[in-house]
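Encoded as structure tokens, the structure appears first; notes follow it.
The values are calculated or read from the model by the stated rules, or taken from the named source; none is laboratory data. The shown structure was predicted, so the numbers you read here are calculated from the model rather than taken from an experiment. Cβ sites come from the backbone with ideal geometry, for glycine too, and all protein chains shown count toward neighbours.
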Amino acid sequence: MKRRGEWVSAFIFLLPLLFTLAVAFLYAFVRTVYFSFTDYNLFQITKFVGFDNYTKLLADYRFVLALTHSLVYAGIVTASQTFLALMLAIVLNQKIRGLTFFRASYYVPCIASSVAITTIFIWLMNRRGTVNWLLTAIGRYWPFIITGLALIVLVQCLQVFWERRHGLPARVLDPALFGISLLIGVVGTVILGRLGVVQPYPMAEAAIPWLTTRQTFLGIPYPLVSIMMLNIWTTTPTFMILFLAGLQDVPQELYEVAEMDGATPWQKLLHVTVPALRPVLFLVVTLGLIGTIQMFDQVAIMAGTAPLESTVTLAYYVYWNMFGAGTLPKVGLASAAALVLAVLTLFVVFIQRRVGFSEKGWYS
């Protein structure tokens, strides 16, 4: 009797959640499946049309574009944000001054409003925005940049060679020596510029239409490239926190043993850090794939500036057929596209689990 009472109490506490799941997910999913086989448009009586909506999807060039964009977007963004998040976590896991400040600064884009961040990004990426100004500056002053880097490398190599020749264990990237190399490189570049040895490159002002064009970069439309950069910047800090939590559990004895065996920092990363973080990698990659395949908000906000063919993804394609096509809502077509999106998400996560990072830890 006592055990039955516990079951009843647990069910009562779970009832609000179960009701929400039943209405918002199960009922909505069943209706979506039903509408995907009809020509319903919110006004006419529902008519069963079989697989016509799925046939129309394959014949619609916008759906093919949306599918292609979603897959390319998911692959590039997930790989980029996973790599950057891991590198940032490794850096911020060190004992350096101002560590709390840097951790908080990197996390700010995640807690800011997505609408506000996207609006600011649109301003930065316009034709005469900060990004084009920065590209113009780099294009004009690349001789100075190359000269400065060359001087830094040359001076650093000379210092390391001098120290080792006198029996001192100088590292290639010794901080003290690098500071001297950096100072000499900057001063030397300025002097060469004043003497006219190094001059700016005559380049016209960059005016890349990041948000208002159908032009492509390596086959990817510029507006979609802009959204990729925005998404990488805003989601990387979240995964950085997950990696930081995982790094706290990696036994320091492993790094000590690796150092005794003469492992380089790169070898320690590949053979100690990454294997120990396999459960976190599985979580990060899985969340990244789900989030990128279902990406919607940035495309919706940029819809007023960018051509539809340059930014459309599967999630926005569903919304566009319901509310943005300029005609009666195509509920049946949108429902079919939504089911394709759901199946694609499950398939990509399944493939990632089978051939990518698994959730099994290195020590299991």
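Values as computed for the structure displayed
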| quantity | calculated |
| --- | --- |
| Residues that are under 14 Å from S70 (Cα atoms) and either assigned to a loop (DSSP other than H, G, I, E, B) or under 11 Å from the mean Cα position of the chain (by Cα) (or both), drawn from the stretch 220-232 | I227, M228, N231 |
| Failed criterion for A59 (all others in (1) surrounded by fewer than 12 Cβ atoms within 10 Å (Cβ to Cβ); (2) touching a residue at least 12 places away in the same chain (Cβ under 8 Å) hold) | (2) |
| Residues of the stretch 87-142 satisfying the condition of being charged (D, E, K, R) and at pLDDT 80 or above | R140 |
| Some residue of the stretch 20-33 being surrounded by fewer than 16 Cβ atoms within 10 Å (Cβ to Cβ), part of a loop (DSSP other than H, G, I, E, B) and of a type in the set (K, R) | no |
| Candidates L254, L211 - the one that is surrounded by 12 or more Cβ atoms within 10 Å (Cβ to Cβ) and not in a loop (DSSP other than H, G, I, E, B) | L254 |
| Residue tally, condition surrounded by 16 or more Cβ atoms within 10 Å (Cβ to Cβ) and either in contact with a Ser or Thr (Cβ under 8 Å, 6 or more places away or on another chain) or not hydroxyl-bearing (S, T, Y) (or both), over the stretch 127-147 | 7 |
| Criterion (assigned by TED's automatic domain parsing to the domain that holds P279, without any contact (Cβ under 8 Å) to a residue 60 or more places away in the chain, in a helix (DSSP H, G or I) and more than 28 Å from E309 (Cα to Cα)) met by exactly one of F83, F11 | F83 |
| Cβ pairs under 7 Å, 6+ apart, first in the stretch 269-286 and at pLDDT 85 or above, second assigned to a helix (DSSP H, G or I) and of a type in the set (S, T, N, Q) | V284/T82; V285/T78; V285/T82; V285/Q352; T286/Q352 |
| I208 vs. criteria under 18 Å from the mean Cα position of the chain (by Cα) and modelled with pLDDT under 85 | no |
| Any hit, the stretch 265-277, residues being surrounded by fewer than 21 Cβ atoms within 10 Å (Cβ to Cβ) and hydroxyl-bearing (S, T, Y) | no |
| Single residue of the stretch 148-202 satisfying the filter (among the aromatic types (F, W, Y), assigned to a helix (DSSP H, G or I) and surrounded by fewer than 13 Cβ atoms within 10 Å (Cβ to Cβ)) that is farthest from the chain's Cα centre (by Cα) | W162 |
